[in-house]
Structures are given as structure tokens and as C-alpha cells.
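Asks: Before I ask anything, let me first share the structure, which is written out below as C-alpha cells.
The values are calculated or read from the model by the stated rules, or taken from the named source; none is laboratory data. Bear in mind the structure is a predicted one, so any value in this text is a computation, not a measurement. Glycine also receives a Cβ, built like all others from the backbone with ideal geometry; neighbour counts cover every protein chain displayed. For accessibility, only protein heavy atoms count, side chains too; no ligands or nucleic acids. Shrake-Rupley method; radii C 1.70, N 1.55, O 1.52, S 1.80 Å.
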Amino acid sequence: MKILIYSWSFAPAIGGMESLARVLAEEFCRLGHAVTVATETAGQSDQPYPIHRRPGALALLGLARSADITLSLPLSLPRLPALLAAGRPLVIAHPIRIAVSGQGDWRARLKLAIAGRLCGVVPSQYLARSFPGSVVIANPYDAATFDPGRRNGPAQRNGIVHVGRLIPGKGAHVLIEAFARIAGSFAQERLTIIGDGPTRPTLEAEVARLGLRERVQFI
């Protein structure tokens, strides 16, 4: 099967969406499918499949027409016309909720309306409630990185760890609030937040306000 993966962001950029697209592309290739990636991310990355960076509308249309199916990560309003015009099956992966910030947030409302009419995939039952009709398929992971067999001896506990980009949709603020509620009952527990992003200063300020600087670290 010829599979086109449109990933708004891709390697060499780093993040959850980028990792999801890469792991899927590698596994599809391993299973014998012909994979092509289209992305808005510039730069170079060494991958065993063709990558088209910032293709024009006609180029993207041609890529989608040449494929048997297209997977879009996530729903992109500017790119949707070309993907739909190709006339091939289109699947949209929804990694996070589409939040409507107010009455004037027409983009979010339009995305939600479109999402309800297209085949969608979500990684959890929680997101399925935001995208009715979507299929729940858990996110894949890189087995070469997360391999229990590589441990030397039994695993050692080291508190609670959050790994991810620090943006509102990842929920680090919810974790900090939850940790604050149990901190008094579990005096030995520590919270480590691994990652960076635009909300890090706000999260650090919240940790300080809660008096948890000695028990929450950002690395």
C-alpha cells in the first residue's frame, strides 16, 4: 500500500507529533508499505523514505493522488483542500482537544465541524468524547528506546515524572495541582518535569506559589 503521512511538524523538529509520525512511518515501511512524508518543517533528516518539505498546494495534491491513503497529523485547514481534492481515503489523527476560546474563534469551530465529517483517530477514550465517531487507537512508542530488557537489574523508583512539551494541552499544570494535593501525605515523593515550552515560566511560578520548589524540579 502507498501511504502518505502529512505531519505538520516532523524531524529534525522534536516533539510528540514528530515522534508519532516517525514511528508510524518506520513501522509501515517495516511491514512492506511504501511511505511518503509531507511536512511544513524545513531542514534535513536521514530517513529511509522520501520527505517533501513545504510542498506547494499542487505538489501536495499530486502526492495525495499518488497514495492509496493519507494520514494527516493533525487536521490542517490550509492543507485540507488539497488532501480532499485528491479523492483518496483521508484519516485525521487528533492528538489533543480542539479548544474553542470564544465566540470569535471561528477556526476552532470550523475544525470541529470538519472533524465530525471525516474519519478520525484518537489515542484515548477521553479524546473520543471530543471527536464523536473517531476510532480509539493507542499511540505507538519506540521499542528501541522504551525497552525493559535494557535495564541492568530491577527498576528503581524515582518519584513521578512528566515528559513532554510544556504547552497547555499536555496538562503539566494539572499534574502540578494534583501533586500539591498529595504532597502532604507522601512526604518522600518528588515530581520531575522533563521538557520545555512556552508555559514553563508559568508552571515554575505555580510551583513556587504552592511552596513546592524543593520537591518539583524542571530539567
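Asks: Can you tell me the convex hull volume per residue for segment 97-150, based on C-alpha atoms, in Å³ to the nearest whole number? Don't skip to the answer; put the middle values down first.
Replies: Details: hull volume 6.1 nm³, N = 54.
Dividing the Cα hull volume of segment 97-150 by its residue count gives 113 Å³.
Asks: While we're looking at this one, here's another question. Against the globular-protein guess of 2.2 N^0.38 Å, express the Cα radius of gyration of segment 12-72 as a ratio, rounded to two decimals.
Replies: 1.10
Asks: Sticking with this one: List, in order, the whole-Hz ³J(HN,Hα) value for each residue of segment 66-72 obtained from phi through the Karplus relation with A = 6.51, B = -1.76, C = 1.60 and θ = phi - 60°; use x for Gly and Pro.
Replies: 7, 8, 7, 7, 10, 10, 10
Asks: Another question, then. For segment 99-116, take each phi angle, set θ = phi - 60°, evaluate the Karplus expression 6.51 cos²θ - 1.76 cosθ + 1.60, and give the result in whole Hz per residue in order, putting x for glycine and proline.
Replies: Result, ordered by residue: 8, 9, 7, x, 4, x, 7, 6, 5, 5, 5, 5, 4, 5, 5, 5, 4, x Hz.
Asks: If we count trypsin sites (Lys or Arg not before Pro) as exposed when they sit in a DSSP loop and have at most 13 other beta carbons within 10 Å, what is the longest stretch of the chain that avoids them all?
Replies: Working: sites that count: 117, 129, 151, 157, 213.
Here the longest run is 1-116.
Asks: For the chain, go through all pairs of different Cα atoms, get the mean of 1/r, take its inverse, and jot down that Kirkwood value in Å.
Replies: Here the Kirkwood hydrodynamic radius works out to 19.7 Å.
Asks: Can you check how the C-alpha radius of gyration of segment 54-127 compares to 2.2 N^0.38 Å, as a plain ratio?
Replies: 1.17
Asks: At R0 = 41 Å, how high is the FRET efficiency between residue 204 and residue 13 if r is their beta carbon distance? Nearest 0.05 is fine.
Replies: Rounded to the nearest 0.05, the efficiency is 0.95.
Asks: Summing -39500 (n - 2.57) over the DSSP H runs of n ≥ 4 in the chain and dividing by its residue number, what mean residue ellipticity at 222 nm do you reach, to the nearest 500 deg cm²/dmol?
Replies: Roughly -8500 deg cm²/dmol at 222 nm, from the helical runs in the chain.
Asks: Okay, next question. 5 Å is the cut-off here: which amide hydrogens, built 1.01 Å from N in the peptide plane, fall below it relative to residue 92, excluding neighbours closer than 5 in sequence?
Replies: 72, 119, 120, 121
Asks: Considering only protein heavy atoms and a probe of 1.4 Å, how much of the accessible area of segment 1-126 is carbon and sulfur, as a whole percent?
Replies: 59 percent
Asks: Tell me which of 24, 34, 94 sits at the most positive position along the dipole axis of segment 1-153, charges placed on C-beta atoms (Lys, Arg +1; Asp, Glu -1).
Replies: Checked the options; the winner is 94.
Asks: So if I take the alpha carbon set of segment 112-202, get Rg, then get Rh from the Kirkwood formula, what is the Rg over Rh ratio?
Replies: That ratio is 1.06, to two decimals.
Asks: Oh, and also: With springs only between Cα atoms under 10 Å apart, run a GNM on the chain and tell me which of 96, 182, 137 wobbles the most.
Replies: For the chain, modelled as a Gaussian network with Cα springs under 10 Å, the answer is 182.
Asks: For residue 101 and residue 136, what does the FRET efficiency come to when R0 = 25 Å and r is the distance between their Cβ atoms, rounded to the nearest 0.05?
Replies: Efficiency, from the Cβ-Cβ distance: 0.45.
Asks: If you count only protein heavy atoms with a 1.4 Å probe, what accessible area per residue comes out for the chain, rounded to a whole Å²?
Replies: Per-residue accessible area for the chain comes out at 60 Å².
Asks: Right, another one. Karplus couplings for segment 22-33 from phi (6.51 cos²θ - 1.76 cosθ + 1.60, θ = phi - 60°), rounded to Hz, Gly and Pro as x?
Replies: 5, 4, 5, 4, 5, 6, 4, 4, 4, 7, x, 8
Asks: Residue 108 to residue 181: FRET efficiency via 1/(1 + (r/R0)^6), r the Cβ-Cβ distance, R0 30 Å, to the nearest 0.05? Walk me through the numbers on the way to the answer.
Replies: Working: r = 31 Å, r/R0 = 1.02.
According to the calculation, E is roughly 0.45.
Asks: Taking 0.36 nm per intervening residue step and subtracting the Cα-Cα distance, what contour gain separates residue 125 from residue 45 on full extension?
Replies: Between residue 125 and residue 45, full extension yields 25.4 nm more.
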